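Heads up, the thing below is written out as structure tokens.
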């Protein structure tokens, strides 16, 4: 990988064994990345960036304007999100293993040992988010497998830095970002459908959009809503 500067914008150039050039703008600050075929030179990359300069600037502005949470300390009355709703954390120290209980529509109780540090509290919350998402996903995958006529052989959850989901079409496997546990359920459903459609439509071209329009007419509004949700605090590394 190397970098070039086009109209004042730094672009990461990564050459791969692919057929087409792909431009992407990524969180948290609008990093620009060009994945390019092995034989495409930097001048062609520059022209591609210039041709999409307005789009790149709009995407960078969205990330720079997007709300971000500060680093979480997992203390009383700290804000945490679950399925699109804001909750206040209530930390309860007691004997026994750490656990999390959602209470009503405003409070998340975090039970931790008396000597639990921030990392242990964070691990308990991450584990809870993972289990909640693992409960939410299966019926949605089953529903859309039936509606789309697409078989998903496997789905997994992991923490991702730049994507809400990903797909391995050959294996018919989809990955979902753990952060989706914090987002509205319809946004989670949109990501699932999006990745499932990628099983037979690799790129976001007209055929992909036609399937999405037919299957989930509101998908663009869901996508925009998801991308406007607050970003979690992360130590972003590339």
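Just so you know, in the range 31-55 the residues that are in a strand (DSSP E or B) and free of Cβ contacts under 8 Å to residues at least 24 places away in the same chain include one that is farthest from residue 1 (Cα to Cα), and it is 37. In a strand (DSSP E or B), surrounded by fewer than 18 Cβ atoms within 10 Å (Cβ to Cβ) and not assigned by TED's automatic domain parsing to the domain that holds residue 179: is that true of residue 90 in this structure? So residue 90 fits the description; yes. The set of residues in the range 170-202 that are touching a residue at least 40 places away in the same chain (Cβ under 8 Å), assigned to a loop (DSSP other than H, G, I, E, B) and more than 30 Å from residue 87 (Cα to Cα) comprises 199, 200.
When the residues of the range 137-167 are filtered to those that are in contact (Cβ under 8 Å) with a residue 24 or more places away in the chain and part of a helix (DSSP H, G or I), which remaining residue is farthest from residue 200 (Cα to Cα)? Across the range 137-167, the extreme among qualifying residues is 137.
The values are calculated or read from the model by the stated rules, or taken from the named source; none is laboratory data. A quick note: this is a predicted structure, and the numbers were derived from the prediction, not measured. Counting neighbours? That spans all protein chains shown, and the Cβs are built from the backbone with ideal geometry, glycine included.
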